[in-house]
Every structure is written in structure tokens, then in C-alpha cells.
Amino acid sequence: MISMVNFMLRLLSNFRGVPALSGKRPQSLRPDYLMDVTRLLPRGQTLLVALAVALAVCCIFDAALAAAPSDAVTPLLGTPYRDDGVDDPAGRHTLFADQSRTFPDRGLNCSGFVVTASRGILGRPLPLDAMRRDRKSDSGPGAAAGEDWDFGYDLILNVTDGLPRRLLVPGPGLPPAPEAVDAARFRGFPLHDAAAWAAVLPKLAPGEVAYAALSKEIKGRLYYYHVGVLYRDAAGKVRFAHATPGRGSHELMLSEPAGMAAFRKAFAEKTFGEKWILLVAAPLPK
């Protein structure tokens, strides 16, 4: 990115050195190399300078958007829970379903936490309408499986759209592409399967972030009802960051026994039977 800025600065210096005259004449850049150069009027020079500077500033801004996962997540920890709460790309505290509403203080639900944190982690704007996209047009009003039944699955694919993502699953072999699976049939692995976690956690590379979509059945209907973010901290420990009604935005250390125990307790089976977790990993910006 610095090389791009340097290039723009060199380009500007070249234009500053061109006389502000009309017409054309050969300009010798090196022996035996002639090039016809049309000199710009002062107004044209000013416009080109403005465009070049804007491009350089945009490049620097884009590079600064992405941050280490911990740097993006930590400022959100302790944020109160708000139903449907999310920040939009401009930083407004609003709602997924009603973006005309704003709030003076930040409040996030699990989806809002993932989207808001991911802007910093991935360096992407993540507009809210794109995050709500029903990818397979199978969970809108009147859908046979129920409205928004796979919202969590859709959300983590929308966040990572266009990235070279992969599923984190126990066992050998190459899993299918995350966007190719049938979310009604392939749900990852049982959330309370200790052996599966022991096999999966080492697969999360330091240069990756993983997105989790938790699913359960309620009265015979499947719902992807919760999402979160997994990442490795500077010490190599795997953290799970999310938002819940009881605790707001917080983290659990899944690579530590106490953290995994707290995670399993937070998502106990209760009356709904076995819960599953689908993990989609994507590379961090370099």
C-alpha cells in the first residue's frame, strides 16, 4: 500500500515539472526515446492532483480498516445486548430490520456483534442489507422450513462472501465448500462432542478467523439461532466472542478447560435436544 502512495507522489511530481503551456512537443525521457506530452491547463493539473491525493488517502484508509481480531473484538466486549441491534458501516447504532432507527449508545445481538466486529477483522464495509441476504431464497416469509430458519448460516456466509473460506470439521478428508452444503442436512458437528472439539480447534490457523453458526430443533423445525467469532490471540489461545441476552458481548476461552466448560454450560441441551455448530474459516487480511 505504501508503494502505491509513493507511486502517486512520483506521478504528481512529474506533473508539477511540466510547463503549463498549450500544444504538443516531443519530450525526451531518455536518449532515443521520444514521447508526445500534452500539457494540462492549471485547472486540469489541480483536478488530477486532487484525484491522485484522494486515491492515495483511500488506499491508506482501506489498509487501516483491517485489524487483528483481538483489536477489533476487545472494544466491543461489555456492550449491552439489544434485540436486533447492530452498527451500520457509518457507525450508527441501529437495527437490522429498521435501519431508520438510531440509538445514542451501542447495543448488539449476536448477529450484530459478528457483523460489527467483522468490519474491523476483515476490513470490509459489510452493509446491512447485504448481511441479511437470503442466499438460497429458502427462508423468507412463508418459507416451508420457517422464516429465517437459516439466518445464522446465511449471515456467516454473507460476512465472508468472496473469500477463500473452508469448513472446520473433525475427521480426515476435504470437506465441501461452505456455500455448497445443504444447511438442513449438514450442520457441522455436535456442540457437546469433546472429541470433535479436540480435533477441530488445532485446525484453526493463526492467520484465520472462524465464524460459528449454532443450530437446534424446536418442535420439529430447525433453526440456526446463534452466531459467534473464533480466533487465536497473540498467545495462540482460541477465543469465542459473541453476544447473549444475559451477558451482552463477551468472550470464552475455548482452548482452556474452564472456558470450554463455560461454553458448553451456556449452550446446554435443555429441552431442545442436541445442538450442533458449523464453523466456517476465512483468511485474515495480510
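The values are calculated or read from the model by the stated rules, or taken from the named source; none is laboratory data. Note that the structure is predicted; figures quoted are calculated from it, not measured. Positions of Cβ are backbone-derived with ideal geometry, glycine not excepted, and every protein chain shown enters the neighbour counts. Areas reflect the complete protein model, heavy atoms only, side chains present, ligands, DNA and RNA absent. Shrake-Rupley method; radii C 1.70, N 1.55, O 1.52, S 1.80 Å.
For this structure, a couple of remarks:
- Judged by the mean number of other Cβ atoms found within 10 Å, the most tightly packed of the peptides 162-170, 98-106 leads the ranking 162-170, 98-106.
- Accessible surface of region 225-286, 1.4 Å probe: 59 percent of it comes from carbon and sulfur atoms.
- Percent of Cα-Cα distances greater than 22 Å, calculated over region 69-283: 47
- The label point for ASP182 and the one for ALA97, both projected 7 Å from the Cα toward the Cβ, are 3.0 nm apart.
- Exposure ranking of TRP197, TRP276 by accessible area [1.4 Å probe, largest first]: TRP276, TRP197
- Annotation: peptides 107-113, 186-192, 138-144, ranked by per-residue average of other Cβ atoms within 10 Å with the highest first, follow the order 107-113, 186-192, 138-144.
- Farthest positive-ward along region 69-283 dipole, Cα basis, beta-carbon charges - from PHE186, SER100, GLY162: PHE186
- Point-to-point label distance, ASP161-ALA235, nm (Cα→Cβ direction, 7 Å offset): 3.8
- Residues of type aspartates and glutamates that LYS237 reaches as a straight line, Cα spacing below 17 Å, ignoring anything fewer than 8 places off in the same chain: ASP71, GLU208, GLU251, GLU256
- Efficiency of FRET between GLU256 and ASP105 - r from beta-carbon atoms, R0 45 angstrom, step 0.05: 0.90
- What separates the Cα centres of region 155-230 and region 69-114 is a distance of 23 Å.
- Calculated FRET value between GLU217 and ASP83, using beta carbons and R₀ = 22 Å, to 0.05: 0.45
- Fully extending the segment from SER70 to ALA143 would add 22.5 nm, taking 0.36 nm per residue of separation and subtracting the current Cα-Cα distance.
- Residues in region 69-283 average 44 Å² of solvent-accessible surface per residue, probe 1.4 Å, ligands and nucleic acids excluded.
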